[in-house]
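Undergrad: Please see the structure below; I have some questions.
Rule-based calculations on the coordinates, nothing more; no lab input. In this text, all values refer to a predicted model and were calculated from it rather than measured experimentally. Cβ: placed from backbone, ideal geometry, glycine included. Neighbour counts: every protein chain shown.
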Amino acid sequence: MAALVDLPGLAARISADLTREDLVILKLLWRRAKDVADLHALIAATADLDADFVRETLADILPPEDPRLTEFEELFTRFGTA
């Protein structure tokens, strides 16, 4: 079952079981231009984003030299509210 997620600058139908952290991870993995723009809005609008979960999951999936690991840190520093 899909639920409408409506955040400033982002509206999407996602699985009801998909967390915002999951969406951040997927968008970082896909990394299309639209995904990068969505990441800005998603991170900025999610005050309680579990950044540690995102970091740990990305570290499990990606090799240590993958630029998406650094990209998440930069995005979270710039747009994160925590």
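Undergrad: I need 68, 20 ordered by Cβ neighbour count within 10 Å, fewest first. Mind dumping the intermediate values first?
TA: Values: 68 15, 20 18.
Listing 68, 20 from fewest to most nearby Cβ atoms yields 68, 20.
Undergrad: Run the numbers on the range 19-79 and let me know its relative contact order in percent, using alpha-carbon pairs under 8 Å that are six or more apart.
TA: Numbers: 41 pairs, mean separation 24.4, N = 61.
Relative contact order here is 40 percent.
Undergrad: Can you tell me which of 30-37, 47-54 comes out highest on packing, and rank the rest after it, using the mean Cβ neighbours within 10 Å?
TA: 47-54, 30-37
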